[in-house]
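Some notes on the structure that comes next.
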Amino acid sequence: MIVIKIELAGKIAIVSGVAQGMGRAIAQQLFALEATVVGLDKSDGSSCFSEEISTGRFVFKQIDICNREAVKELVAATGETYGSIDILVNNAGILERSLFENMTQDHWERVLDVNLVGMMNLCQAVIPFMKKQQRGKIINASSILGGYPDVGLTAYSISKASVNTLTKILAAELGPYNIQVNAYAPGTIITPMTEKLRRERAEQKLKQIPLRRFGEAEEVAYAVAFLASSFADYISGAILPVDGASLVVQRPDAVS
């Protein structure tokens with residue numbers, strides 16, 4: 001019998017959006033499993049990882065992932081420094097509310113740039129490395145709203161639906177190169193991004209979750225760690241819900 005114990009020693013992981021919330025938890029979890037982590041964020045999040053950085057197995061890079069050339073240069077430098085890129089976690093994302101009728105072009109472009117274009121830039125930069133080494137894991141941040149959109153979150157929901165489609169297409173394209181591509185789809189997770197939503201609609205949201213609680217960022221990180229591990233080598237093209245069973249029935253609030 002094989003005892004399941006996730007180990008990522010010797011693996012090189014790039015994680016975007018690490019300055020807070022789920023991204024920080026994911027980066028810290030992969031580091032704890034002994035991966036070398038290159039953490040990316042548009043904001044300066046280096047102070048969050050001072051202990052990890054001191055070990056030499058964690059590097060923080062402040063970068064705008066929507067800048068295609070900057071991403072290509074960073075990924076090339078990472079590959080040259082470490083000799084491989086084994087894991088890419090496209091976690092960076094933003095959530096902004098607006099009814100479609102009132103949505104500005106700036107709002108639309110801002111959400112899709114970070115949630116989708118930045119992901120595309122990172123994927124296209126790492127794929128040549130992964131194809132050459134004949135292995136790799138690409139793990140994308142989706143959302144339950146990618147399949148069940150919410151009024152007032154038009155651009156966000158569309159961006160996450162696109163992430164789901166991109167994940168499946170890449171799984172098909174890259175499968176022959178032993179590259180697995182999956183996505184994780186969080187429900188309402190306790191992070192700074194969801195603070196306003198949880199404050200204003202806590203009672204309503206909790207009724208929609210059969211587990212009757214919000215998720216923790218660390219619980220998302222555990223799911224990502226599994227997808228990054230060898231135990232997920234035959235899983236590709238999957239959208240893994242991390243949502244407390246929010247979408248299993250039409251009326252979760254009817255369950256007492």
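Values for this structure:
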item: Per-pair calculated FRET efficiency, R0 = 25 Å: ALA70 and GLU195 via Cβ, rounded to 0.05; result: 0.25
item: Which listed pairs, of LYS61/LYS196; LYS11/LYS168; LYS61/LYS132; LYS11/LYS131, have C-alpha distances above 19 Å, in listed order; result: LYS61/LYS196; LYS11/LYS168; LYS61/LYS132
item: Shape category assigned to the range 35-127 from the gyration tensor of Cα positions, a/c cut at 1.5; result: prolate
item: Aspartates and glutamates whose Cα lies under 13 Å from that of LYS5, excluding same-chain neighbours fewer than 8 positions away; result: GLU34
item: Extension gain from ASN178 to HIS107, taking 0.36 nm per residue of separation minus the Cα-Cα distance; result: 21.8 nm
item: Cleavage-rule hits (trypsin sites (Lys or Arg not before Pro)) in the range 163-256: DSSP loop, at most 16 neighbouring Cβ within 10 angstrom; result: ARG212, ARG213
item: Low-density loop cleavage sites - trypsin sites (Lys or Arg not before Pro) in the range 1-72, where at most 12 other Cβ are within 10 Å (DSSP); result: LYS5
item: Dipole magnitude (debye, nearest 20) for the range 12-244, charges at Cβ of Lys, Arg, Asp, Glu; result: 420
item: Simple spin-label estimate for SER43 and ARG213 in nanometres, 7 Å along Cα-Cβ; result: 2.6
item: Sorted by Cβ density within 10 Å, fewest first, the residues ASP64, ASP243, ASP41, ASP233; result: ASP233, ASP64, ASP243, ASP41
item: Inter-part distance where the range 115-157 and the range 159-222 are each reduced to a Cα centre, Å; result: 12
item: Residues GLU218, GLU69, GLU195 arranged by fewest to most Cβ contacts within 10 Å; result: GLU69, GLU195, GLU218
item: FRET efficiency, 1/(1 + (r/R0)^6) with R0 25 Å, evaluated for GLN204 and PHE100 via beta carbons; result: 0.70
item: Of every Cα-Cα pair in the chain, the percent that sits beyond 34 Å; result: 15
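Read-outs throughout are calculated quantities, based only on the coordinates presented, and are distinct from any laboratory measurement. Computed from a prediction, not measured in an experiment: that's the story for all the values here. Positions of Cβ are backbone-derived with ideal geometry, glycine not excepted, and every protein chain shown enters the neighbour counts.
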